1. Let's see if you can work this out: charge +1 on each Lys and Arg Cβ, -1 on each Asp and Glu Cβ, no other charges. What is the dipole magnitude of the stretch 64-110 about its Cα centre, in debye to the nearest 20?
2. Determine the relative contact order of the stretch 64-110: mean sequence separation of Cα pairs under 8 Å and six or more apart, normalised by residue count, in whole percent.
3. Could you quote the convex hull projected area for the stretch 1-43, Cα atoms only and averaged over all directions, in nm²?
4. With the dipole of the chain worked out from charges on the C-beta (+1 for Lys and Arg, -1 for Asp and Glu) around the Cα centre, which of 10, 21, 66 lies farthest toward the positive end?
5. How high is the relative contact order of the chain, in percent, counting Cα pairs under 8 Å that sit 6 or more residues apart?
6. Quick check for me: using +1 on Lys/Arg Cβ and -1 on Asp/Glu Cβ, what's the dipole size of the chain about its Cα centre, in debye to the nearest 20?
7. If you take the Cα Rg of the chain and divide it by 2.2 N^0.38 Å, with N the number of residues, what do you get?
8. Which Cα, out of 30, 111, 84, lies furthest along the positive dipole direction of the chain (beta carbon charges, K/R +1, D/E -1)?
Amino acid sequence: MHFCPSCSNLLLVENGVGQNGETCLVCQTCPYMFPISKPFISRTILKRKEVDDVLGGEEEWANVDSIEISCPKCLHERAYFKQIQMRSADEPMTVFFRCCSMSCNFNWKEN
């Protein structure tokens, strides 16, 4: 994308509008025209942003309480839990669980 140096609007490619019938970059709001004399390609490789883990990452279960509930995978009788508001404020919070058994560590949720 190229922008007009006069008014900063997007320049469009139009064929045969130049003085000698050449292809030009043309501004739609002001009389600016830039003749294109040869093909040009420009490529910008965007740097990807690191994704933030909104649920807490590695430390998400560090300071949570436990409750007496049966794990659906190993049937262990205790699990850690935390509540997060996932939807709008008039919807109930989502409860996330993690089995307290170190060999299981199964995660599940309830709405």
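1. Here the size comes out at about 220 debye.
2. 30
3. Hull-based average projected area comes out at 3.1 nm².
4. Most positive-ward Cα: 21.
5. Reported as a whole number, the value is 12 percent.
6. For this selection, approximately 480 debye.
7. Cα-based Rg divided by the globular estimate yields 2.23.
8. Most positive-ward Cα: 30.
Values quoted throughout were computed directly from the atomic coordinates according to the rules given, and no laboratory measurement underlies them. It should be emphasised that the depicted structure is a prediction, and the values quoted were computed from it without experimental measurement. Ideal geometry is used to build each Cβ from the backbone, glycine not excepted, and the neighbour counts take in all protein chains shown.
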